[in-house]
Structures are given as C-alpha cells and as structure tokens.
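I have placed the structure first, in the form of structure tokens, so that the comments after it can refer back to it.
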Amino acid sequence: MIPLRARLIAGRHQEIVGRPVKSWRVGAGPLLPAVLLAVLVLVGILLVLVPGDHLALTVGLMVVLALILLGAYLVTVDARLVVCERGLIMGRLIPGLPLSPTYVIAGREIDPRTVCVVADGAKAAQELGMPFFFFQYKTFPGALGVPALVFNGPWGADVSAPRRSGPLPPRDKSLFIFSQRRASDIADQMLHMIGREGTIPPGFAPHGGLQPIPVTGRRQDAVSQIPGAWAPETGGR
C-alpha cells in the first residue's frame, strides 16, 4: 500500500518522480520488538506483584503502556522507500516529525553503478564512518543482519521535500542506506526505474548480481566493499 503522504509528495513533484509504484517500510529487525515486549512483560509482572485489589487498574495501565510501546515501534519503522515511475521517495512520512527529512530523488540523479545490497545496514553505516542516525541512513542500530539497499545520489539537503526541480548530479560521499529484508527486490525495481529514464550505461550489470555484500563494519574496508564509499582520510562531504 502506498502511504497517503507519499502520494501527496509524489503529486507535488510529478515532474521529478512520477506516480508511486511500490512502497517498503524500513526493517528494524527482531531486537526492537523483543525489547518493547520485554518492557511490557516486566511492567506487568511488577504491577501484579503490588499488593492490593487493583486488577482493573493493572489491566488499564497495561493497555495504555501497550499502546504507547506500539506507537514507539510504528514511529521507529515509519521510514519508507517508495519507488515511483521516474524516481523515488525516501524518508519518514509522519507529518511534522522534527529533524527527519523526506527525500525526493529522480532516477537520473542516482548512479546505477553504486546501487547494491549490503548484508547488514547497521554495519554498513558504521563502515562508512557515519552514525546510524545520519539523515540519509534509514537503518536501526539493533537491526543486525538486516540487509540494506545502498546507492549514491545528490546531497540530501538538496533533495529534501519540498525541493527545486533540478536535475541534480550524484555527489561524491553522498550515499543513502535503507535497511529492509527485501533489499535485493528494491534494488532490482530501482534499476528498472533508472533504466526507464535511459541512464543505464552500456554493458551495465548490477553490482554483484544484487547479492548481499558481506561488510565488516571496519572503516578501512569501506572502499573495497561498498561501491561509492570513500577512504577514511578524505573525511565527510
């Protein structure tokens, strides 16, 4: 299902991305729901151990807590990647969420040679020397082992919604990461979208056949493992 806000963003940037085609929610892995469930169970045990006749209050508090934890989970995994006819939308779609830009990127603004899948998005972020909460990295620190799509595009600040028309070229040291267990499927759809834009170079073959690239998480291994990565001594942007 395409989120309503993604449809609205695509409608405002029709000339850049076209109509939304398919949407994916970021993968958080099993750790986050396990931690939230553990919190709910622990609080439930503590409430049950409190002496007195308060069953109705306990049930009420547990329901409220469960709703709060569910809300926390949904906010965490709200980040989406939406492949459109001629581009993509990537970012959180909750309106008004502070410090959380949503990117609108045309297919011709993505370097297809850097579109790849890494075996672990959280490790890839670490390997690139950026924190997992860097705006262009939609991954979760506890999502160990969850594969991720990686690609090189314009600098995020230049393509944040609402954005100017462009087109903008891919920038050095501007990688995007999106963790999702179906990252290979997303990468395949992205390359088909880029191909429709006519920007696939002759003789092109997807990097590694879009099979997940093992990553060590070590900064010194970034250039040899991740297409578009930069050496440690070159710094950031």
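The values are calculated or read from the model by the stated rules, or taken from the named source; none is laboratory data. This one's a predicted model, so the numbers in the text were calculated from it and none came from an experiment. Please note: Cβ atoms are built from the backbone with ideal geometry, for glycine as well, and neighbour counts cover all protein chains shown. Quick note on the areas: whole protein, heavy atoms, side chains included, nothing else; ligands and nucleic acids left out. Shrake-Rupley method; radii C 1.70, N 1.55, O 1.52, S 1.80 Å.
May I ask you to list the residues in region 54-92 that are closer than 30 Å to Arg7 by Cα and not hydrophobic (A, V, I, L, M, F, W, C)? Please lay out each step first, then the result.
Residues of region 54-92 that are closer than 30 Å to Arg7 by Cα, as a first pass: 67-92.
If the condition is that a residue be closer than 30 Å to Arg7 by Cα and not hydrophobic (A, V, I, L, M, F, W, C), then Gly71, Tyr73, Thr76, Asp78, Arg80, Glu85, Arg86, Gly87, Gly91, Arg92 are the ones that fit.
Can you name the residue in region 92-143 that is of a type in the set (Val, Ile, Thr), open to solvent by less than 20 Å² (accessible area, probe 1.4 Å) and over 23 Å from Ile213 (Cβ atoms) and is also modelled with the highest pLDDT among such residues?
Among them, the one singled out is Val104.
Can you report the number of residues in region 162-209 which are within 16 Å of the chain's Cα centre (by Cα) and either under 13 Å from Tyr103 (Cβ atoms) or in a loop (DSSP other than H, G, I, E, B) (or both)?
Counting residues in region 162-209 that are within 16 Å of the chain's Cα centre (by Cα) and either under 13 Å from Tyr103 (Cβ atoms) or in a loop (DSSP other than H, G, I, E, B) (or both) gives 8.
Please work out if Ser165 is among the small types (Gly, Ala, Ser) and within 24 Å of Ser23 (Cβ to Cβ).
Working: among the small types (Gly, Ala, Ser): yes; within 24 Å of Ser23 (Cβ to Cβ): yes.
In short, yes.
Being free of Cβ contacts under 8 Å to residues at least 60 places away in the same chain, within 30 Å of Arg163 (Cα to Cα) and open to solvent by 70 Å² or more (accessible area, probe 1.4 Å), is that true of even one residue in region 54-75? Break it down stepwise before answering.
First, pick out the residues of region 54-75 that are free of Cβ contacts under 8 Å to residues at least 60 places away in the same chain: 54-75.
Still in the list and also within 30 Å of Arg163 (Cα to Cα): 71-75.
Now drop any that are not open to solvent by 70 Å² or more (accessible area, probe 1.4 Å), which leaves 73-74.
Yes, region 54-75 contains at least one residue that is free of Cβ contacts under 8 Å to residues at least 60 places away in the same chain, within 30 Å of Arg163 (Cα to Cα) and open to solvent by 70 Å² or more (accessible area, probe 1.4 Å).
Can you tell me which of Ile213, Ile177, Ile186 is β-branched (Val, Ile, Thr), open to solvent by less than 40 Å² (accessible area, probe 1.4 Å), in contact with a Cys (Cβ under 7 Å, 6 or more places away or on another chain) and at pLDDT 95 or above?
Numbers: Ile177 fails: in contact with a Cys (Cβ under 7 Å, 6 or more places away or on another chain); Ile186 fails: in contact with a Cys (Cβ under 7 Å, 6 or more places away or on another chain).
The unique qualifying residue is Ile213.
Looking at (1) open to solvent by less than 70 Å² (accessible area, probe 1.4 Å); (2) among the small types (Gly, Ala, Ser); (3) over 18 Å from Gly228 (Cβ atoms), which one does Gly203 not meet, given that it meets all the others?
With (1) open to solvent by less than 70 Å² (accessible area, probe 1.4 Å); (2) among the small types (Gly, Ala, Ser); (3) over 18 Å from Gly228 (Cβ atoms) applied to Gly203, the lone miss is (1).
Which residue is nearest to Asp120 (Cα to Cα), if the candidates are limited to region 19-38 and must be outside any loop (DSSP other than H, G, I, E, B) and open to solvent by 60 Å² or more (accessible area, probe 1.4 Å)? I'd like the intermediate steps shown before the answer.
Keep residues of region 19-38 that are outside any loop (DSSP other than H, G, I, E, B), which gives 20-25, 31-38.
Filter once more, keeping what is open to solvent by 60 Å² or more (accessible area, probe 1.4 Å): 21-22, 25, 31, 35, 37.
Working: Val21: 26, Lys22: 23, Arg25: 16, Leu31: 14, Val35: 20, Leu37: 24 Å.
Of everything passing the filter in region 19-38, Leu31 is nearest to Asp120 (Cα to Cα).
Of all residues being part of a helix (DSSP H, G or I) and touching a residue at least 40 places away in the same chain (Cβ under 8 Å) in region 216-228, which is least open to solvent (accessible area, probe 1.4 Å)? Just the residue, please. Quick ask: steps written out before the conclusion?
So in region 216-228, the residues part of a helix (DSSP H, G or I) come out as 219-225.
From what's left, touching a residue at least 40 places away in the same chain (Cβ under 8 Å): 219, 221-222, 225.
Numbers: Arg219: 52, Asp221: 27, Ala222: 0, Gln225: 36 Å².
That would be Ala222.
Consider region 180-221. How many of its residues are out of contact with any Gly (no Cβ under 6 Å at 6 or more places or on another chain) and either of a type in the set (Lys, Arg) or farther than 27 Å from Arg25 by Cβ (or both)?
We begin by selecting, within region 180-221, every residue out of contact with any Gly (no Cβ under 6 Å at 6 or more places or on another chain); these are 182-192, 195-196, 198-218, 220-221.
Checking which are either of a type in the set (Lys, Arg) or farther than 27 Å from Arg25 by Cβ (or both) leaves us with 182, 196, 198-205, 216, 218, 220-221.
Adding up the residues that qualify gives 14.
Quick check on this structure: which one of Val146, Val150 is open to solvent by less than 30 Å² (accessible area, probe 1.4 Å), assigned to a loop (DSSP other than H, G, I, E, B) and either free of Cβ contacts under 8 Å to residues at least 40 places away in the same chain or of a type in the set (Val, Ile, Thr) (or both)?
One residue alone meets the criteria, Val146.
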